[in-house]
Every structure is written in structure tokens, then in C-alpha cells.
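The values are calculated or read from the model by the stated rules, or taken from the named source; none is laboratory data. This one's a predicted model, so the numbers in the text were calculated from it and none came from an experiment. Cβ placement follows ideal geometry from the backbone for every residue including glycine, while neighbour counts extend to all protein chains displayed. Just the protein is used for accessible areas: all its heavy atoms, side chains included, with ligands, DNA and RNA removed. Shrake-Rupley method; radii C 1.70, N 1.55, O 1.52, S 1.80 Å.
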Amino acid sequence: MTLNEVKVGEKATVVRLTGEGAVKRRIMDMGLTKGTAVAVVKVAPIGDPIELDVRGYSLSIRKDEAAMVEVRMKTFER
Amino acid sequence: MTTKIALAGNPNSGKTTLFNELTGSNQYVGNWPGVTVEEKNGTLKGSKDVIIQDLPGIYSLSPYSLEERVSRNFLVTEKPSAILNIVDGTNIERNLYLTTQLAELGVPMVVAVNMMDLVERAGDKIDFEKLGKWLNCRVVGISAQSGKGCHEAARLALDYAKERKRGETPHVFTGSVEHALAHIEESIQGKVPTESIRWYAIKIFERDREVIGKLDIGVGLMKHLEEHIRDCEKELEDDAESIITTQRYEFIQKLAQACVVKNKKREKSTKLSDKIDRIVTNRILAIPVFVVSLLAMYWLAVSDGGPGTVLTDWANDEFLGDGWFLPWTQHEYKSAPDVKDEDKPWFEGMDYETASGEFEPHGANVEKWREAYKAAYDEKHGEGKYAEALAAFNEEASEKAADGEAFEGSEFEVLDEQLARGVKAEVWLEDEETGEIRSGKVEVENAKISVAECECEEGSCGCAGCICSTKPEGEDCPCCDSELKWTCDYAMYQVSASFDEPDPSSGFGVWIPGVAALCGSFCEKVGIAEGTLAYALVNDGIVGGVCTVLGFIPVIAIVFLFLSFLEDCGYMARVAFIMDRLFRGFGLSGKSFIPMLVGKGCGVPAVMAARTIENKRDQRMTIILATFMPCGAKTVIIAMFTAIFFREWWSVAAMMDLAGIAIIVLGGIALKKTRAFAGEAAPFVMELPAYHMPTIKGIAIHTWERVKAYAIKAGVIIFPACVVLTLMMTFSWSFDVVEDLDDSILASIGNAIKWFFAPLGFGTWQGAAASVSAEIAKEQATATLAMVAGGEGSGAANILAMFKALDPANYKAAALSFMLFNLFIPPCLVAIAVTFREMGSKAWGWFAMAFQLFVGYVVALNAYQFGRLAISGAFGVWTAVAIIVDVFALWAIFRPAPKAKEAE
């Protein structure tokens, strides 16, 4: 599944990033790399973008861009 | 020898605060990413030969965004003596990501972990020594806000720079990646500077075209290296760029585990930042919170009776006007001596201001009543008959009064002295619309007459402000159905108006003369006579022009104070978050909203802030739209016009901001549908910084800097402009001093172009001159208006009178139109110059100007034409034109998007 499908309040782990170029690099530069734990904190009033908790800070990213991030749900940790 | 120390770090990590601390300057600091757009230089406090360079905040040294490219080119090619890398201690993982890249450049580096006060308060611990060992460089803790450790860090960087002490590059990469990098290093040895060989190796591995293009490697070697990179990619099942990034973060993760001890308790409890965020970016509350905070700002700044207007009134009328009493020193500033007169017990004991102000609001009404009566009499009996009759009546009255007789039956009795006698009279009033003369009885009893005002808009029911009525409060106005609201005792009014103002400077307290009074007495002392050019320069230039602008400092200060708070606390990034979806609706990102918010303060940094937008197309569109946001200088126009024309509707001021946003949104939609701007929106990957309570010092500096800039502008730009305008107002083309303003150079220029403004409702030379001069600096519009309005009263009163004379029934529509026009046409010349520069081509610059002029004109046209239609039902050619243009605008906004051109 991809990060845009993760519901608010749920946690996931990044598996890999699809896409290429500037956007992909920017997402990685901001800390969303393979194996990173990420939580979806909230959704903006009009439904987009979303706010993530990654590496201890808040990152906002659009759903289109979140769709480039493949994730695995974190079931073993509460 | 000068030593250069570059400050590098993530956006919003406190670089600018540190820069200010180290150099003692007051650069602009905000709590959102990307505040610093251009690099700034300053010398280190205490040592003149050390230059500190504040680089734009960057997350990485990737080749994808402009600032990142600027920063890395600077670091690689200009080679500063040392890098002082600022790391946000509360967000160490992501911040160290850049550190690992900087460490590879081969420049001596010191890492300063900032915000240590917050880290300690959270209960976290960072082992600097261990961290230093991992990174192979010195690491120190600082707190830029309190200044703790800053200078020590700078000194350390200085030592490193002098010794050219470089640590080995940290061991970030592992396994086959390290192997490949080592191989690349080996084969490019001698072709790149030795100290930064690792950096070049990584760039080659990442296939960074910009860096590779500058190197002389040779096709053969490149092909060979490419094989190695491919092998590595195959092994790790990822592309080279991702491999490097992932390994960097993996390294940092390990490092953080070893060096940082997080407070476990803290982790679980919700941070205050999150609590605030839950409300501020709540799905339902977010937009109301945003609108309410805007309204709150304007309520404070420009509402009637709010702190902003109270202070501005004080500044205009007292501080810059006649003068004022030092607070708490005023005593016994009482009424005229005859207040103890037994006829006027009402006023006894009142001070002058209360007594004279008692019936003031109704003065205009009383005067109107008298005038209308006079005019109606002359109309009926012939020109000049009233004066004759009054004289005859006075004679008769005084005779009779001398005989002690009661006096009855004359129609003059309602006037002046006779009012107090108790009489009956008949009045005639001319109906403004039909020209029909109406008559009515006026009852005067017990030496008192009451003047009433009906609720209807002055004059709109054709009763000339209901001066016809003498009915008591609560009854209906005879000419319209509204209830009469106020009664004024005419005799009392007469007395009230007759009090002479006592000289405030003679013994009523500590009296401080105002600027206008000082200018007056200065002229008197130096011997500048009224009517000379020098007198005009001093009085029109300083008092009329500059003071009108300076008088709005309280309003500006409140707006700036509020914005500074919002910026410093971290709300701005949330606004971008909230607005992103909306902005994407017309193809821009929430990031475009930041230049627009910066534009609330000033258009110049706003246009420059658009640089953070990676996509050139979006940047251009943002620049065109950003200056529609009413800036600080435009706020003066808003404040002044609200204060003069729309006091009762202070929300007009907030409406102007919302109008700005609406224009940006609709303009954006329309532009996006043109060929030149069509295409996908730029990505929106943005940090949301943690909230923090801004320090009072920080906000004070921030506000003060902006207010100071505004005040300086009043002196450096507005004053000369006022002087030039005064000269143009004083002379005719043959350089003779003119008697009548209408013969002046300014008037002739204004007259030549006033046709352009006629459809907007202010097609006079004054309106034209004010609008054109506003291009010097927007607040000049108010200064010029005050100068050209002429008249006796304060600038504001004269402007009101001028607009009323323009179009008595629809003057508010004309005022609104004037305000909108000046808000939404191209910004001031400085901002225009920056727009041209940032657009990158003249053609684009002219396009921006044309678009802005068109929008400003259309908005003003709509305001006036439809305002007039609503108020007095007038429909003219230009109303039709307005409708046609609106249809065109709607088409431009709502037409289906044409096929997008391929992205550049």
C-alpha cells in the first residue's frame, strides 16, 4: 500500500519510493527513506495535504506525493 | 586577512537569530522555512576582519532547488574559511542529514547544536563529545535566542579556520557503496581538489549532472564508473540517489541512538505544540480560526474606538496637530468663564472639551436647518429677501422685546436669537428630487427647540437630513418612515457652540505642543509669511504630507505586531498547510501563500520570497499575484479610508484583505487557464515547525524594524515627494505662483489624465494626482490627497469634504473605488523594479504590470458603478461596460481549462 492510504492516527514503515527526480529526492531529503517509521497525524481542512510525524518532526506532504511512498503497516508496535 | 565563516543549516534552525547575535544586526527572523532568501553578510561583533555569511536555509545539497544550488556552489567554489553548521537540537535527525553532506566538502566545520534550552527543558540529553567523534568535528551546544554559547561557537570556528583544521570525513557509507565511492575517489584523484574529493565522488555516484558537467573526467572513465554504480544499484535494488540518502539516514539513526538520550516520559505526553495544532489546523476550525485572527487584527487596528484608532486620532490631532497634555498632569481645563452664568446651569462645572462637545454632533444638522430655511425663503420670495426680512424682523423683535411684549407669528422666529423666545413658525423645505417646496409648522415651546435626525442615510430620503423636523424623539420623521433618533436643544446648542477654547498652554498642566503647532510657530519666528512657497513647503510638505503618513504609525504598528507574532510563533507554515488544497485548485501550492503572507508586510520581500518555489512558472504566477495582498503601506490607505468613510463598518478593512485573497484566487484560476501558466502544480513537501512562544524582545525588534523602515520611508521618500508635489501645486507652467490650485502644474497634469479615472468615480485632477503619486510609495496616496484637498480642517476632514463634493450621494462608492484602485493596481515602484528583476525578462514584467492594472481598474470600476447603482439607482454607459468586463472575467475564470502545454 502507499502512504496516502494510511488512515489518520496509524503508523507505517517506508518500504520504498516510486517516481523520480526532484520530488522524490525532496521527499527522501526530508527523511522519508527506506525503513523509516512514519505516522499520519492529520489531514488539512479541505482533505489535502496530510501531516506526518517522521523522525520526530512534523512534515506536511500532499496525497499525490504520499502516493509515491510505498509503506507497510506497523502492526507489531502499539 | 579576512576570515569568512559561513552559517549553514536547515531552514528555521535559528541561523538568522545566530547571525543577529554574532553580528549585532537585526535581520528579519520568522518561524517558517525559507525566510532567508538572499545570503547576507555581516562582520563579527568585536572583530572587524571576520565576515559572517548567512546562507539560505537548506535541507540538503541536492541540485533541485535554487537555494540549495546557490548554497552549494558558494560552499564549493568560494570556499569559506570555515562552516558553522547550525543544528536544531529538537529535531536532530533531519538536521544532521545536511551535516553529513557539509562534512564531505572539505571545509573546516564546527557544529553548533541550537535550541539547547528547549532540549534541556524537554529532558533530553545530547552527548556532544560522542557526537563529535562520530562526525569527526567539534560539536557545541548553543541557544541562539538567549545568546548562550554563540560567541564561543564562533570563536571555535575561527580557530578551526585559522588552523585549517579539517576532520576526516565521517564514515557514513557502508558495504558496496563505500567500496564504489572509494573506487571513484581513486580514479578521479588529481582531477578535483583533494580536500573535497569525497563530495565529488558522491556527486558522481548520484549522477549529479551539474557537478559532473563541470569536471573533466572523460567519457571512457565515466562509462567505467557507471558500471560500478549500476552494480551497486543492482545489489541494493535501488537507484543511486536513494541509496546514498538511505545510507545517510541510517548512519544518522545509529549516531542518534548512541549520542542522544530522549526523555521517555516526555515522548508519551502530548506536547503543547500538538495541542495548539489540534485547534489551529482542525478540519472544521482551521479556516474560521484564520479568518477570526485576521478580523481580530483589524479590529484592534482600525475599528472605531479600538486601540488603533484611538492612538491614531491622538497622533493625528494632538501629537502631530496642536499639542497635548502630558498624561496625569492636566487639571481644571474648564469651560469658558461665563459658564457660571445662571442661564446655563447645564454646563456648570464641565470642562471645555465636554461642554463644547455636548451638542457638537448635531451642529451640522442645525446649520443645515438654518440654511435650508433661508434658501427656501429666498426661493419663495426672491433672492436676498431673507436677509432683508431678517433685519426687519430683528428690529421689530427688539422693539417689542424692549416693550416687554410677547412676539408671535413670524416665519423668521426659528432663527438665531429668536429661537430662545418661544414662538411658532412655518418653514419651507425644498424636496431635493422633485424640487417641490413643502411647508410645515414648527412648534417652539418654553424657549426650547429640538432638532431631530432621522435614521435614514443623510439626504437619501430627500429631506436634507431631516432638518425639517422638530418633533420629539421617538416619533416618525415626516418625510420618511424612520423613527427620529435624537433631539438637540437648540438654545443649548447655541450656548455650547459659543464657548471659546481656553489657551491650553496657560496653566492647565504640562502642555506639549504638537508638530503642526511647532511648524506654525517656527514659521512665525523665522519670519516665513503665510502664502509664501516656504510656508507651503513646511505646512503642506511636512504637516500635510509627512504627518498624515506618520499619523498612521499606531495602526501599522499593531498590524506589524500581530504579523510578527503569527510569524514568530509558527502559524504561517500552518496557514500554508491549510490553504494548500485551495491554492492547488488554481494550480499553485500552499507555498505560494507564504509570499502572499509576507506581502501583508511588504511586497518587496514577498516577490523575493517567491524564489523558494522551484517551478519557474509557478514562481512567475506567484509574483504576479503576491502583491495583490494589501501590504503595510496599503494598510495606511485602508486605515485612513476606513477611518474617514467607513468608521461604522470597520470590517471593510478586513474585507480588503479578503478581497486581496479573492483576487489572488480568481486571478490565479484565470491565469492558470492561459497557455503560459497551464501545467501541474509544484510539489508541496514542507516542514511544519513546532510552535514556540515568541520572546517579547524578538517581536519588539521585529515590529520596531518594520515601523522604523516605514517611518524612514516617510522621511526619505514621502517628504521629497511632498516637496515636489508642493512645488507642482504652487507654480503654474510659466512658473508663476498660482492663486488657485486649479491653475497649478499638478492640476494641469491631473486634468490631462483624469478622464482615465472618471468611470471610477474620482475623475478629478486631485484623484488622478493622488493615484499616480501613490506609485512612489503607496501611502503617498493619502499624503497627496491631504495636500490637494485644501480646506481649513484636518487632512481627514478635507478629504471627506472633497469626496462629498465629488458626488454627494455616492461619495462612499467613489471612496471605496479609489481605495480599491490604489490597492490592486501595480505596487509601488520599488516592488515593480523587484518584480521585473525576479521575472527574469522585460516581457514578463510588462505582462505583470498590465495584468495588475487591468485587475485594479476593473475592481474599482465595479465598486463605483455598482455602488452607485445600489445607492442611487444610476445606470450609465460605464455600468454596462462593467457588466461586459465582468462577463469576460467570469468567462476567463470558469471556462474549461485548455489542454495543458507540456511542462518545461
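Using a probe radius of 1.4 Å on heavy atoms only, what accessible surface per residue do you get for region B:175-260? Whole Å² is fine. Before the final figure, lay out the partial values.
On the way: 4150 Å² over 86 residues.
For region B:175-260, the solvent-accessible area averages 48 Å² per residue.
With a 1.4 Å probe, how much accessible area is buried between chains B and A, both sides summed, in Å² to the nearest hundred? Spell out each step's value before the answer.
On the way: alone 41950 and 5000 Å², together 43460 Å².
Roughly 3500 Å².
So for the pair B:I696, B:A850, with labels modelled 7 Å out along Cα→Cβ, what separation do we get in nm?
So the two model labels end up 5.4 nm from each other.
Please compute, for peptide A:57-67, the average count of beta-carbon atoms on other protein chains lying within 10 Å of each residue's beta-carbon.
On the way: counts 12, 13, 5, 13, 4, 10, 1, 5, 3, 1, 0.
So the per-residue partner count for this stretch is 6.
Within region B:624-641, what residues put their amide N at less than 16 Å from the label point 7 Å along the Cα-to-Cβ vector of B:A676?
Taking a point 7 Å out along Cα→Cβ of B:A676, the residues of region B:624-641 whose backbone N falls under 16 Å are B:624-627.
Once ligands and nucleic acids are excluded and a 1.4 Å probe is used, how much of B:M728 is accessible, expressed in Å² to the nearest 10?
For B:M728, the solvent-accessible surface is approximately 50 Å².
Given N residues in region B:175-260, what is its alpha carbon radius of gyration divided by 2.2 N^0.38 Å? Let's see the in-between values first.
Values: Rg = 13.7 Å, N = 86, 2.2 N^0.38 = 12.0 Å.
Taking the Cα Rg and dividing by 2.2 N^0.38 Å, one obtains 1.15.
List every residue whose amide H lies under 5 Å from the amide H of A:K11, counting only residues 5 or more places away in sequence or on a different chain, with H placed 1.01 Å from N in the peptide plane.
A:K74
Which residues does a label at B:L221 reach in region B:158-199, if reach means a backbone N under 17 Å from a point 7 Å past the Cα toward the Cβ?
Backbone N within reach: B:180-199.
I need the calculated FRET efficiency for the pair B:E163 and B:K133, taking r as the beta carbon distance and R₀ as 22 Å, to the nearest 0.05.
Working: r = 19 Å, r/R0 = 0.87.
So, using R0 = 22 Å, E works out to roughly 0.70.
Report, by chain and number, residues whose modeled amide H sits under 5 Å from the one on B:T43, excluding near sequence neighbours (fewer than 5 apart, same chain).
Those qualifying (amide H under 5 Å, at least 5 residues apart or on another chain) are B:I52.
Which GluC sites (Glu not before Pro) in region A:1-51 sit in a loop by DSSP (not H, G, I, E or B) and have at most 12 other Cβ atoms within 10 Å of their own Cβ? List each step's numbers first, then the result.
Numbers: sites: A:E5, A:E10, A:E20, A:E51; in loops: A:E10, A:E20.
Loop-located and lightly packed - A:E20.
If ligands, DNA and RNA are left out, what is the accessible area of B:E163 with a 1.4 Å probe, given in Å² to the nearest 10?
Result for B:E163: roughly 110 Å² accessible.
In sequence order, what are the phi-derived ³J(HN,Hα) couplings for region B:152-158 according to the Karplus relation 6.51 cos²θ - 1.76 cosθ + 1.60 with θ = phi - 60°, rounded to whole Hz, with x for glycine and proline?
4, 4, 5, 5, 4, 4, 5
List for region B:578-611: residues with 50 Å² or greater reduction in accessible area, all protein chains versus chain alone, probe 1.4 Å?
The answer is B:R581, B:R584.
Could you please put B:L658, B:L537 in sequence from largest to smallest accessible area, using a 1.4 Å probe? It would help to have the intermediate numbers written out before the result.
Details: B:L658 70, B:L537 50 Å².
Descending accessible area places them as B:L658, B:L537.
Compute the relative contact order of region B:555-894 as a whole-number percentage, counting only Cα pairs closer than 8 Å that sit 6 or more residues apart in sequence. Please report the intermediate quantities before stating the final value.
Working: 470 pairs, mean separation 60.7, N = 340.
It rounds to 18 percent for region B:555-894.
Using θ = phi - 60° and the Karplus form 6.51 cos²θ - 1.76 cosθ + 1.60, what ³J(HN,Hα) does each residue of region B:570-582 get, whole Hz, x for Gly and Pro?
Going residue by residue, I get x, 6, 4, 5, 5, 4, 4, 5, 5, 8, 4, 4, 4 Hz, with x marking Gly and Pro.
What does the accessible area per residue of region B:788-862 come to in Å², with a 1.4 Å probe and no ligands, DNA or RNA counted?
Value for region B:788-862: 38 Å² per residue.
In debye, nearest 20: dipole of region B:555-894 around its Cα centre with unit charges on the Cβ of K, R (+) and D, E (-)? Show your work: numbers first, answer last.
On the way: 25 positive and 21 negative charges, 226 e Å.
Dipole size: approximately 1080 debye.
Please list the non-local residues whose amide H lies under 5 Å from the amide H of B:K4, H modeled 1.01 Å from N, same-chain partners needing a gap of 5 or more.
HN-HN under 5 Å from B:K4: B:I51, B:S81, B:A82.
What does the average come to when, for each residue of peptide B:684-697, you count the partner chain Cβ atoms lying within 10 Å of its Cβ? Write down the numbers at each step before the final one.
Values: counts 9, 16, 9, 6, 7, 2, 2, 0, 0, 0, 0, 0, 0, 0.
That works out to 4 on average.
Can you sort B:H183, B:H224, B:H171 by 1.4 Å-probe accessible area, starting with the largest? If you can, show how the numbers build up before the last one.
On the way: B:H183 50, B:H224 75, B:H171 130 Å².
The ranking, largest first, comes out as B:H171, B:H224, B:H183.
Can you tell me the length gained on complete extension of the stretch B:Y535 to B:E210, counting 0.36 nm per residue apart and subtracting the Cα distance? Before the final figure, lay out each step's value.
On the way: separation 325, 0.36 × 325 = 117.00 nm, distance 6.41 nm.
Taking 0.36 nm per residue and subtracting the Cα distance, the gain is 110.6 nm.
Hey, any idea what Rg/Rh is for region B:555-894, computing Rh the Kirkwood way over Cα pairs?
Values: Rg = 20.5 Å, Rh = 21.0 Å.
Radius of gyration relative to Kirkwood radius: 0.98.
Quick one: what are the phi-derived ³J(HN,Hα) couplings along region B:220-227, Karplus 6.51/-1.76/1.60 with θ = phi - 60°, whole Hz, x for glycine and proline?
Values per residue, Gly and Pro as x: x, 4, 4, 4, 5, 5, 4, 4 Hz.
When all protein chains stay in place, what accessible area (Å², nearest 10, 1.4 Å probe) is found for B:W314?
Estimated to the nearest 10 Å², B:W314 gives 90 Å².
Under the definition of partner shielding as Cβ atoms of other protein chains within 10 Å of a residue Cβ, what is the mean value for peptide B:237-247?
4
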